[in-house]
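The values are calculated or read from the model by the stated rules, or taken from the named source; none is laboratory data. Please read all numbers here as calculations on a predicted model, not as lab measurements. Counting neighbours? That spans all protein chains shown, and the Cβs are built from the backbone with ideal geometry, glycine included.
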Amino acid sequence: MRIVRYQKDQVSHDDLIEGNMAHELVGKVFEEGRRGQEVGALGEVKLLAPCVPQAIWSNDANYPWRCHDRHFDLPTEPHVLWAPGTMIGGPEREFSLPRFEHRADFGAEEMLSI
């Protein structure tokens with residue numbers, strides 16, 4: 001069972017996925033949430049980003065290989081970056097890179113709802 005967010009009729013919902021079916025989430029996600037009525041198959045609902053943070057805090061250059069790859073010196077103290085929560089996208093959202101960027105990197109960020 002997986003917890004997802006989806007949009008139906010212009011409204012977002014928290015739900016549970018079992019197999020290929022979405023079900024209503026009865027209760028709260030991090031408390032005693034349980035499966036409710038069937039909502040529809042995965043192809044019938046639009047999946048959204050798993051959360052809606054207002055801010056994203058990231059440790060930049062925290063991997064030696066990333067520093068080496070980008071020809072940066074290893075940091076002597078943590079570098080912290082901030083980004084708006086609007087950068088989070090769901091599985092179907094398109095994104096684009098600025099023209100001056102030649103690649104995209106994956107990262108692990110802590111998302112905060114402030």
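If you take the residues of the stretch 23-66 that are among the charged types (D, E, K, R) and touching a His at 6+ places or on another chain (Cβ under 6 Å), which of them is surrounded by the fewest Cβ atoms within 10 Å (Cβ to Cβ)?
If we take residues in the stretch 23-66 being among the charged types (D, E, K, R) and touching a His at 6+ places or on another chain (Cβ under 6 Å), then Glu38 is surrounded by the fewest Cβ atoms within 10 Å (Cβ to Cβ).
Of everything in the stretch 67-102, what is under 27 Å from Val11 (Cα atoms) and either surrounded by 10 or more Cβ atoms within 10 Å (Cβ to Cβ) or in the same structural domain as His13 (by TED's automatic domain parsing) (or both)? Give them in sequence order.
Ala83, Pro84, Gly85, Thr86, Met87, Ile88, Gly89, Gly90, Pro91, Arg93 - these are the residues of the stretch 67-102 that are under 27 Å from Val11 (Cα atoms) and either surrounded by 10 or more Cβ atoms within 10 Å (Cβ to Cβ) or in the same structural domain as His13 (by TED's automatic domain parsing) (or both).
Scan the stretch 3-49 residue by residue and report those that are at positive phi and either charged (D, E, K, R) or within 18 Å of the chain's Cα centre (by Cα) (or both).
Residue satisfying the conditions is Asp9 alone.
Consider Ala41 against the criteria (1) at pLDDT 80 or above; (2) touching a Leu at 6+ places or on another chain (Cβ under 9 Å); (3) not β-branched (Val, Ile, Thr): it satisfies all of them except one. Which criterion is unmet?
Only one criterion in (1) at pLDDT 80 or above; (2) touching a Leu at 6+ places or on another chain (Cβ under 9 Å); (3) not β-branched (Val, Ile, Thr) is unmet by Ala41, namely (2).
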